[in-house]
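Remarks on the structure that follows.
The values are calculated or read from the model by the stated rules, or taken from the named source; none is laboratory data. Since the model is a prediction, treat every value here as computed from it, not as a measurement. Note that we place each Cβ from the backbone using ideal geometry, even for glycine, and neighbour counts take in every protein chain shown.
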Amino acid sequence: MSIAVEKVADIRRSMTVPAARAGGDPRADPIRRCPARSRRGVTYDLDLAGIEGSLTITELPDGRPGEVFLRVSKQGSTLSGLCEALSMMTSLALQHDVPLREVVRGLLNQRFEPAGHTADPDIPTSTSLVDYIARRLAVDYLSPQEQAELGLHP
């Protein structure tokens, strides 16, 4: 067996371990909980270090966040494309029952430009657009205790 084939086999084994540990069948297809055709949501205008845009969070029928849409004013830019990709991946994670706390943990404190002060009184500063999404989801959907455990409040 070649080294490349062995590495692929190792990667596949490591990918199945979390599902097996959780008691699930690692071969089972993931279940996607799609939002209803008509759904509740909130849109926030954002301004992070001069980059303007909007963040929309829509909810699944049970009230949990199910979709995230981040739009920035620089349409057609690399930043705009990356924001759309981030929105899609965050939405898919939420719809496939990745715990919100883990989604927030994964996005929180990512540092890159644009970063700095925001126009959002709930989130006065952010280290990136990714960090802003994490903080907004945490403020809106996590308990104060969960936020504190993630280091969001002293």
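A few comments on the model shown:
- One residue stands out among those in segment 44-75 that are farther than 18 Å from residue 131 by Cβ and within 16 Å of the chain's Cα centre (by Cα): the one that is surrounded by the fewest Cβ atoms within 10 Å (Cβ to Cβ), which is 64.
- The residue that is surrounded by the fewest Cβ atoms within 10 Å (Cβ to Cβ), counting only those in segment 94-117 that are of a type in the set (A, V, I, L, M, F, W, C) and outside any helix (DSSP H, G or I), is 112.
- For residue 26, the criteria (1) surrounded by 13 or more Cβ atoms within 10 Å (Cβ to Cβ); (2) modelled with pLDDT under 70; (3) under 21 Å from the mean Cα position of the chain (by Cα) hold in every case but one, which is (3).
- Qualifying residue in segment 60-73 (condition: closer than 30 Å to residue 28 by Cα, touching a Lys or Arg at 6+ places or on another chain (Cβ under 8 Å), among the aliphatic types (A, V, I, L, M) and modelled with pLDDT under 95): yes
- Restricting 52, 67 to residues that are over 22 Å from residue 152 (Cβ atoms), of a type outside the set (Lys, Arg), in contact with a helix residue (DSSP H, G or I) (Cβ under 6 Å, 6 or more places away or on another chain) and not in a helix (DSSP H, G or I) narrows the list to 67.
- Residue check for residue 91: surrounded by 14 or more Cβ atoms within 10 Å (Cβ to Cβ), free of Cβ contacts under 8 Å to residues at least 24 places away in the same chain and either hydroxyl-bearing (Ser, Thr, Tyr) or touching a helix residue (DSSP H, G or I) at 6+ places or on another chain (Cβ under 8 Å) (or both): no
- Verdict on residue 151 being in a helix (DSSP H, G or I), out of contact with any strand residue (DSSP E or B) (no Cβ under 7 Å at 6 or more places or on another chain) and surrounded by fewer than 14 Cβ atoms within 10 Å (Cβ to Cβ): no
- Test: residue in segment 118-126 that is in a helix (DSSP H, G or I) and at pLDDT below 95: no
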